[in-house]
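Just below is one structure, and these are the notes that go with it.
The numbers here are math on the coordinates, done by the rules we state, and not lab data. All values reported here derive from a predicted model rather than from experimental measurement. A quick note on method: Cβ atoms are made from the backbone with ideal geometry, for glycine too, and the neighbour counts reach across all protein chains shown.
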Amino acid sequence: MSKVLERFPAGGAVAVEDLLAAVRQTPHEGPLRVGDERVTDFLVAFARQLLKPAVARRYPELGSLGFFLRRGELAKAAARVADQRGQLRFPRGLVFHVPPANVDTIFVYSWALSALAGNANVVRISSRSAGAATAVLEALNETLDGAHPALRQTQRMVTYGRDDAVTAALSAAADLRVIWGGDTSVREIRRHPLAPHARDLTFPDRSSFTVISANGWLAASEAARDAGARGLYNDAYWFDQAACSSPRAVYWVGTPEQAAAARTDLLARLRAVLDAAGVEVDAAMAVEKRVAAYGLALEGDATGIAFDGNELATVDLADPGAIPRRWLGVGTFPQAVVPSLDALAAVVVRRDQTVAHFGFTAAELTAFAHRLAGRGVDRIVPLGDALSFSGVWDGYDLMHEFTRITTVLER
C-alpha cells in the first residue's frame, strides 16, 4: 500500500487510500462553500503569520503572498464567482495540485484560491522544496491550531517520491488536476488518467521578457528610474530568474542611440541595487552563466557579451527575434533594440507569458495587445510586477476554473 508523508497538517506517513477517505468526508458543520468563512478566516490568520517582520525580511516573496491573502483581497476573489440569478456556483470537489519545485510559493496561491472556492485539496510538495516552502508549511501548521476542524479534514499537503501508484490514485480521485511545471512534467502527469468527468488545468513551459521605452526611460525622473531598476531586480532575482514570469530578455524600443544611453543608465542603477542587497552568485552558477552566454555566441545568436561580476551578465542578441527562451542563469539579460512595439509583436510566440513594461502609455500597451490578438502573452504588467500573482493567470480565471455552475431556471 503506497504511502505519502503529510506535511500539512503535519503528521507521519499515511496510506494514500486513507488520506483520500479522510478528505472525502463531509466536514463538521457542513460541506465547504464558495467563499466559506471557515476558509477565509484561516487564510487571513495564515497571512498574518507571513507578514511577521522576521518572516517577511527573510523571504520577501512571502510578504507579497501575505498581502494577496488579506481579507479584502479574498472577498474580491470570492465576489467574482458569486451566485447570479439562475446560476449558482459550487466547488468542483477534490483538486489535486502538482506544483513546480523551482518556485517555492506558487503552490500556495493555487491551493488558497481552490480552498476559497470550497474545494478539498491535496497538494504534492516536492521533496526538493526548501527555504520559503518550509517557512510556508511551518506558518500553515502554526495557524491550524486555532482553525475550524474543517480545514484539517479537507486540506492536505503531502510529499512522496517517484511513486506512480500514488500519482495514479490521486489523479483518479480528483475532480480537477492542476499541473504546474515544464512541458515534460505535464506530459508525465498526464500519463495517469482522470475520471471521465474530471479535467486538467495545466501551466506548462512559459517564457517572459521586459520591454522598455528608451525615450520613456531617459525622460523619467531619477526616482522613477531607481524604482525601475529595483523592479527589474525583483522580477529577475527572486526565484533565481527561473519562474515562468521572470524576464528572459530585455527589449529596448527606440533608436540605437537612445537605447544605448538608457541601457547604460539602467545597468548602473541595477548594479547599485545588487550591491545594496548584497547579492552573491556562487561559483557554480557563475560558471553555468558563462557557459550559457558563450554558447549563444557559438550558435551565432550573440554579438557581444559582458559580465559585471558574477551577479550580472548582458548579451547583445544578433537577431531580436532569436529570444533565448531557455533559462540562462540568474542575472543574465539578453538584450536587443526594436524600433516599435509593433516590431516586437512579430517575435512573440504562444509560449510567451508575461511582458513587464516601462515608459509606455496605456493606449500603446492596449494597441500592442490587440496586435498580438491572443496568439501569445497573457500578462502585460508594470516593471517590478512580473512575479505578482493574480487570480487570472496564463489567461485562466482561477476562481472560475475552481468552481462549477448549476443552472436553476423557472417558467
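Restricting things to Cα coordinates, could you compute the convex hull volume per residue of region 221-273 in Å³?
Enclosed volume per residue, from the Cα hull, is 82 Å³.
Beyond 22 Å, how much of the Cα-Cα pair distribution for region 27-114 remains, as a whole percent?
Value for region 27-114 (Cα pairs over 22 Å): 36 percent.
How far is helix 362-372 tilted off the main Cα axis of the chain, in degrees rounded to 10, range 0 to 90?
Taking Cα atoms only, the helix is inclined about 80 degrees.
For the chain, take the longest principal axis of its alpha carbons; what is the angle in degrees between that and the long axis of helix 164-173, to the nearest 10 within 0 to 90?
70 degrees
Need one number for region 115-247: average projected area of the convex hull over its C-alpha atoms, nm².
So the mean shadow area of the Cα hull is 11.7 nm².
Taking a virtual spin label 7 Å from the Cα of Ala79 along the C-beta vector, which residues in region 27-64 bring their backbone nitrogen under 16 Å of it?
Under 16 Å, as judged by backbone N against the label point of Ala79, lie 35-36 of region 27-64.
With the alpha-carbon atoms as the only input, what is the per residue convex hull volume for region 207-382 in Å³?
Looking at region 207-382, the number lands at 100 Å³ per residue.
At 7 Å along Cα-to-Cβ for each site, give me the label-to-label distance between Ala297 and Thr366 in nm.
So the two model labels end up 4.6 nm from each other.
Using alpha-carbon positions, what is the distance between the centroids of region 54-83 and region 352-411, in Å?
About 18 Å separates the Cα centre of region 54-83 from the one of region 352-411.
Between helix 222-237 and the chain, what is the angle of the helix's C-alpha long axis to the longest principal axis, kept within 0 to 90° and rounded to the nearest 10?
Once rounded, the angle reads 60 degrees.
Under a straight-distance cross-link criterion of Cα-Cα below 15 Å, which aspartates and glutamates are reachable from Lys289, leaving out those fewer than 8 residues away in the same chain?
Correct list for Lys289: Asp240, Glu280, Asp308, Glu311, Asp316.
Can you give me the C-alpha center-to-center distance between region 98-131 and region 237-312, rounded to a whole angstrom?
Comparing the Cα centres of region 98-131 and region 237-312, I get a distance of 30 Å.
Mean 1/r over all different Cα pairs, inverted: what Kirkwood radius does the chain give, in Å?
Radius from the Kirkwood sum: 22.8 Å.
Using the 10 angstrom Cβ neighbour count as an exposure proxy, how do Phe90, Phe239, Phe209 rank, fewest first?
Sorted ascending by nearby Cβ count, the order is Phe90, Phe239, Phe209.
Could you tell me what percent of the DSSP beta bridges with both partners in the chain are antiparallel, to the nearest 5?
Here the share of antiparallel DSSP bridges comes out near 35 percent.
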